[in-house]
Amino acid sequence: LTNCNSGKNQECSIAVDLSSHDGGEIEYYFEITDILNKTAQSKKTLIKVDTTSPVINDLNYSIDRSRITIKVNVTDQNLDKVQYKDLNQKNPRFRTLCTKLKENICEKKISFSGDEPNIEILVTDKAGNSASTNIA
């Protein structure tokens, strides 16, 4: 890395395009050299690479008064969670629908605000990739 400040408690970062390794594994380590040309190396770490966003294959829902049953079909190898945000609420925030899929399906019944649902669905994986869709 270049343009890193020297001194105590300094941080330096870099972005690396790992898309050519998607679905595979990489091993990485860090090496640092000080102004006296002394070098230290971190331990080697093996990680899985996931640069692919989840896919929302299908979204179905049924409404019963102020309750809605949401059924989302998702494809992702490393799912973290499926969340929803009721955009009709005074202070909308994401809440968890599912953290696991059963045969690629997340299904849950929730209450919604307002006369008609206005809900954002967000699917994220453990690598931070995401996909979203709306029910309006």
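A compact table of results
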{"item": "Of all residues in the stretch 105-128 being more than 14 Å from Q83 (Cβ to Cβ) and open to solvent by less than 70 Å² (accessible area, probe 1.4 Å), the one that is modelled with the lowest pLDDT", "result": "G114"}
{"item": "Single residue of the stretch 85-97 satisfying the filter (in contact (Cβ under 8 Å) with a residue 24 or more places away in the chain and outside any loop (DSSP other than H, G, I, E, B)) that is surrounded by the most Cβ atoms within 10 Å (Cβ to Cβ)", "result": "D86"}
{"item": "The stretch 8-59, residues that are surrounded by 10 or more Cβ atoms within 10 Å (Cβ to Cβ), in contact (Cβ under 8 Å) with a residue 24 or more places away in the chain and of a type in the set (D, E, K, R)", "result": "D22, K48, D50"}
{"item": "All positions within the stretch 1-22 that are in a loop (DSSP other than H, G, I, E, B) and of a type in the set (S, T, Y)", "result": "T2, S6, S13"}
{"item": "Residue in the stretch 82-92 that is nearest to P54 (Cα to Cα), counting only those that are of a type outside the set (D, E) and in contact with an Asp or Glu (Cβ under 9 Å, 6 or more places away or on another chain)", "result": "Q83"}
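The values are calculated or read from the model by the stated rules, or taken from the named source; none is laboratory data. On a predicted model such as this, the values are computed, not experimentally measured, just so you know. Quick reminder, even Gly has a Cβ in these numbers, built from the backbone with ideal geometry, and neighbours come from all protein chains shown. Heads up: the accessible areas ignore ligands, DNA and RNA and are worked out on the full protein's heavy atoms, side chains in. Shrake-Rupley method; radii C 1.70, N 1.55, O 1.52, S 1.80 Å.
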